[in-house]
Every structure is written in C-alpha cells, then in structure tokens.
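Notes for the one structure printed next.
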Amino acid sequence: DREKSLLRNRKKRMTWELEKETRARLSILSFVIPLLFSCAALFLGLLVLWTCLDPEDYEDSPVLLCLGVVLSLAGLCISSFSAQTFGLSCSGPRQKKLARYGSFACLVLGGLTVIIAIVRYLMAGFWWTVLAAGLPCCCMSTLVCVLSLFASSEKAIMTFERMDEQAVAQRTIVFLGEVLPGTGKCVCSWPGKYQSAWDALVTGSRSGDISAAVVFLPEGSKDFGSHDTIPEKEKLEGRCWCIPLYGERKPWGCRWWTKWIANIERAHEEGAEMQVYFFKGMKGRGKVVDFSTAGKEHLRREAI
C-alpha cells in the first residue's frame, strides 16, 4: 500500500510540474505570438511598399528593389512560420487555429504581393527580375508551405505534447547520480524495487546530503534505449555493453552502464566507501564468476 501511495504521489507531482510549466509557457506565448504576427504584418507592409513603387522611377537601382522584395518575403516567412510553430503550444484549439490560419493568410498575401511586384517589374522592362527575385521567392514560399503543413499536423502537435511530458519526466524521475567530493560513503547499487527508499535516496542526493553513483533512465527519457560501444582497451566482445551485461542487445539500452561506470570511477578517485544494497535476504547471492561471463549467466537465468 505504501508503494502504491508513493506511485500515486509521483504521478501527481509530475502532473503538477507539467501544469506549472504549461502555465509559464502560455504566459510567454501570450507575448511572443502577437509580437511575431506584428513582425509579419510589418514585412507584409514592406512588400506592399516595394510593389507600389514604380520601377521606372528607380531605373538606377532595380537591384535594390529586388533585394527588398526577397528580404521582406524572407522576414515574412520566418515570422509567420515561427508564429505557427509557437501556436502549437497554445492550450485551446481556437488559439491553435488562429495561429495556423493566420500564418497561412500572411504567406498567401505575401506570395500574391511578390507576384504582382514581379509582373510590374517585367512590364517595366526588367525581365531579369524573374530570376533575381522570382526564383528565390518561389523556393522560400514552397519550403515554408511544406514545413507549415507538417508542423500543423495532429502528429506534430502530439509530438510537441509528448516532448513536454518527457521533459518533466527528465527532471522529476530521471537520476544520473551525484557523487559528492570527499572520502565519505557513496551508494553504488540500489534495488529499485523499494520505491519509497529509492525516492528518499534521490531526494537526499539532489539536496546534497547523500553521495550516490546509481543511475536510473526510465522509458521515455532522453537516453533510454541508447547504446554505447565498448572501448577497445576493455577487450570484450560485442557491439555495445549489452552483450557482456545481458548476452544480447536490450531495448532499454546500455547508456546507463556508461554513466554508472563514470560515477563509480569518480567515487573511487574521491576515495569514497562503496555501498551496495541487496534485496532482503539476498546478500552474496547471484554472483557471477567473472564480468566476462555475466552475459551468459543472464541468458541462462532468463532461460530458467
């Protein structure tokens, strides 16, 4: 019952952290998104200005007119796409739709304005503007439209939400160890089954009261499923540490081992007293003959 209660409290803590982060992000977005749309309106106004100017009155500087069109469209594309991307993080569907369709509207108006500007330049005899301004503007518009269609999809929205959840889990559950300087005691191994004691260990380590070399990379964290190659100096077989540890590659990966070994080496350099905890009544049991046989022993136990 105590472990179940602890698990519920952990989920509540993650939910609270996620809500707090969402509120902070929304307060920032309430300022950033209007600012980006203001920038988009400014660049759209510049495009209209370049279009309204009579190219025959600027025969000595048509290149500057083309450059102004290209740069204004680039600014419009960047600000519109950024507003749409940030809009994916808005809480309500109305805000998301406003950011999405508002960005599309800016891009469409910008594209039409560029077409009108190039037609006017052609009629004034500047035929080369099709290549100088039309080609880069066409490429920019196509690229931004493709990116906008991808970014506004439901899959992209779900990806952003999942990234937020993983970021919270990374801060609240993931533990990379914290070896304190000095020659005190250092917890080097801990059975994660005892969640209440584990949480106390992590809390004490993060507050600087307990030196711990243990590592926990749960599913959904950044390094979960990552594999690290074995250095040649170890002279062990296998593409990664999974082979000597488990006898085969595992879906959770072996990045935890690399980080754990680094912590152990640091604790050894500090001269710390290594502490290893076992399951109750299991001290001294389940040992392998040698590290090189650990993988085979693991496969044998799984087969049993």
Could you sort out which of LYS222/LYS280; LYS233/LYS259; LYS235/LYS259 sit more than 26 Å apart by Cα distance in this structure?
LYS222/LYS280
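Please give me the summed charge of the neighbours of SER211: other residues whose Cβ is under 11 Å from its Cβ, Lys and Arg +1, Asp and Glu -1.
Overall, the nearby charge balance is -2.
Sum up the charges of everything whose Cβ sits under 12 Å from the Cβ of LYS296, counting Lys and Arg as +1 and Asp and Glu as -1, but leave LYS296 out. Display every interim value, and only then the final one.
Numbers: positive: ARG300, ARG301; negative: GLU237, GLU248, ASP290, GLU297, GLU302.
With Lys, Arg at +1 and Asp, Glu at -1, the neighbours total -3.
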Just order 137-144, 71-78, 174-181 by mean Cβ neighbour count inside 10 Å, highest at the front, would you?
71-78, 174-181, 137-144
Quick check: net charge around LYS185, other residues with Cβ under 13 Å of its Cβ, Lys/Arg +1 and Asp/Glu -1?
-3
I'd like to compare 95-106, 261-272, 225-236: which one has the highest average count of other Cβ atoms within 10 Å, and what's the full order after that?
95-106, 261-272, 225-236
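Accessible area per residue, 1.4 Å probe, Å², for the range 197-278: what's the number?
Each residue of the range 197-278 exposes 59 Å² on average to a 1.4 Å probe.
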Pick out, in residue order, every one of the chymotrypsin sites (Phe, Trp or Tyr not before Pro) in the range 255-304 that is DSSP loop and has at most 13 other C-beta atoms within 10 Å; say none if there are none.
PHE278, PHE279
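The values are calculated or read from the model by the stated rules, or taken from the named source; none is laboratory data. Here the structure is a predicted model, which is why all the values come from computation and not from measurement. Here the Cβ is made from the backbone with ideal geometry for all residues, glycine too, and neighbour counts use every protein chain on show. Areas reflect the complete protein model, heavy atoms only, side chains present, ligands, DNA and RNA absent. Shrake-Rupley method; radii C 1.70, N 1.55, O 1.52, S 1.80 Å.
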